[in-house]
Amino acid sequence: MMVRITNIIIIAVFAPLLAWSETTCDFDYLKSELPTIYKKIVEKTDTLPKIFSFCDDRNHYLLNLSMFQKFNNGQGITRSLEKDLFSYLLKEFGANSYSRTSLMVRKDQQLELVTTITRQQPFKAEEIIQEVFIDNQKQPRITYGELQTFDRPQSIFAIFFEPITITDEDRLYLEKFKPFVGSHRLN
């Protein structure tokens, strides 16, 4: 139930932002709009969730992966499940582009928000990296530093359009996540 409420909050936050948006949901749309949408989600939820978002020309879909921690004894989604789930959802929804946003820690312990945006045809992958600062003594407690964009065709997060083979049992398991995918039809 809490996951549904979180997804409703996320959709309620990003739907108004999209009301004036472009008519095509694609790589360029994700690159230009997702950073703003993500910051609004952070502002409303006071969290830094892992978000998977994708487009199918007319619709923008969003899945908050932080829900895995609630159902998995505090552990997040594994990389292999993430790969299978994302690849499955992209194929099921006929996606043309996707983004994956998560918090990472550099070797110097600086937090970074890393968003990988990938287009299927012609293939293109970019990463948007932005420093994140958390100070519980200030409001807002989450602030951002400089934003940088890099071409990253070899990123480990740019592989979700690659074909996967899943068993019928795995497919039944992955289908259980479809109701948690929020969608918004663009103009």
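Miscellaneous remarks
- Qualifying positions in segment 89-126 - acidic (D, E) and surrounded by fewer than 20 Cβ atoms within 10 Å (Cβ to Cβ): E92, D108, E112
- Within segment 48-70, restricting attention to residues that are in contact (Cβ under 8 Å) with a residue 40 or more places away in the chain and assigned to a helix (DSSP H, G or I), the residue that is least open to solvent (accessible area, probe 1.4 Å) is M67.
- Candidate set from segment 150-162 (those that are in contact (Cβ under 8 Å) with a residue 60 or more places away in the chain and surrounded by 12 or more Cβ atoms within 10 Å (Cβ to Cβ)); member that is farthest from E82 (Cα to Cα): F161
- Matching residues in segment 138-149 - criterion: being open to solvent by 100 Å² or more (accessible area, probe 1.4 Å) and more than 21 Å from L34 (Cβ to Cβ): K138, Q139
- Taking the listed residues T101, T6, the one that is within 22 Å of R185 (Cβ to Cβ), modelled with pLDDT of 80 or more and hydroxyl-bearing (S, T, Y) is T101, with no other qualifying.
The values are calculated or read from the model by the stated rules, or taken from the named source; none is laboratory data. Predicted model only: the values in this text are computed from it and were never measured. Glycine gets a Cβ as well: all are built from the backbone with ideal geometry, and neighbour counts include every protein chain shown. For accessibility, only protein heavy atoms count, side chains too; no ligands or nucleic acids. Shrake-Rupley method; radii C 1.70, N 1.55, O 1.52, S 1.80 Å.
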